[in-house]
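K.L.:
Encoded as structure tokens, here's the structure I'll be asking about.
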């Protein structure tokens, strides 16, 4: 019991010294510590270490990007490009959260691809038409509730597809991914006020798009 | 008297919807919050908007994640890794884009390039202006003559024309004299004959003294091209000599501008990549 990692961290936190603040902060989060170790090894040329990072984050990045771009193929391309970019720029990592760094690169890749394809609009969000997804069965397995939920998500995703890229990215990062304003500001490279403004304007735009279907969301 | 709902609708149009959105997001405090609450309390549409925004935010949070995985492995192969870490000059270029000096260096080079091009162009204009006002050596005489002919400097044109056209009578004086009447009619129509083609800009400016020679050129079908070619080559040689006088500064400036812009693009791309 005394050897458990949690206890080790708790014991180490007590005699906290100012000069140890940075290293202790990193060591506090085992995921971040693992990421930093892998990143350091990757910087030294260990491709396997980088690929371990890829395995850790590819699903997360894909789940994030697939909500920002019109289809899954584009999302795959964005994620692949993000990992390429991360590998090219390993030495540019300045510390902090590897996860945030990767997310930032992926968001930028998605934005770039979206801007590049602006003049060639494709079918919007085909996975939103995907009927294969069904809510998990449980207490809410009532068919009416299930149908209502599915319909609501489809309407919401369709509306999300029509707002601007910046607004969509901010809303997805805030509402879906659960990042706070400051993290989103860091990731997207804009000010805190801009993040808030994008989220507010994006929600107002969603409400405009969903004006005739708001009964799905009320009650 | 307007209906009550019309009055309220007009009022709502003037309401700050961003304030309601901020209230729905829970981002307001203090007087802003009080103002927003008062607005939603007094306006039914603002109140409905607030409720809708809260409902939309809740629905967005409950959107399920994509149930299917990527179906794709994003791990890098050794070949991809090698291509992403280029060697040789590509690495040099990439490392150039990585340094903090890239943007300042790019700006400096681009500025130098633009300034050099401006100075080079101005000096070229100055040189051209001085050459137009001063007599030129015989080697550049053809070009100078033509340029002056453009502005209608008849005296210079008349002085230079016999030199330029001197080979014509020597080459085929007989043919020229035999065909002279025919050519005279061609020369009589300014801008349409061979003389107009060879000295197109000199149609109005060439004085009568040089006209017979031009007529001679136009009239000899087999030999007429020779002086025309000579004149053309003389003209181009004159332009080339003038371009040689200003090209080093302009070339260096253009190269600096291109490199500077390339460095700026490199720095910009890198910023975009990393956010």
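All of the numbers you see were taken from the coordinates with simple rules; none came from a lab. Because the structure is predicted, anything quoted here is derived from the model rather than measured. Cβ coordinates were reconstructed from backbone atoms using ideal geometry, including for glycine residues, and neighbour counts include every protein chain displayed.
K.L.:
When A:175, A:212 are ordered from fewest to most other Cβ atoms inside 10 Å of their Cβ, what list results?
P.N.:
With the sparsest Cβ surroundings first, the list reads A:212, A:175.
K.L.:
Just counting partner chain Cβ atoms within 10 Å, what average do the residues of peptide B:47-53 show around their Cβ?
P.N.:
That works out to 3 on average.
K.L.:
Using a basic spin-label model with each label point 7 Å from the Cα along Cα→Cβ, how many nm lie between residue A:144 and residue B:258?
P.N.:
Label-label distance for residue A:144 and residue B:258, simple model: 7.4 nm.
K.L.:
Moving to a separate point now. For B:263, B:109, what ranking results if the residue with the fewest other Cβ atoms within 10 Å of its Cβ goes first?
P.N.:
Listing B:263, B:109 from fewest to most nearby Cβ atoms yields B:109, B:263.
K.L.:
What is the calculated FRET efficiency for residue A:59 to residue A:158, with r their C-beta to C-beta distance and R₀ = 35 Å, to the nearest 0.05?
P.N.:
Taking R0 as 35 Å, the efficiency between residue A:59 and residue A:158 is 0.90.
K.L.:
Moving to a separate point now. How would A:31, A:69, A:176, B:107 line up from fewest to most surrounding beta-carbon atoms within 10 angstrom?
P.N.:
A:31, B:107, A:176, A:69
K.L.:
With r as the distance between the Cβ atoms of residue A:46 and residue B:61 and R0 = 41 Å, compute the FRET efficiency 1/(1 + (r/R0)^6) and round to 0.05.
P.N.:
0.60
K.L.:
So between residue B:29 and residue B:54, what do we pick up on full extension, going 0.36 nm a residue minus the alpha carbon distance?
P.N.:
7.3 nm
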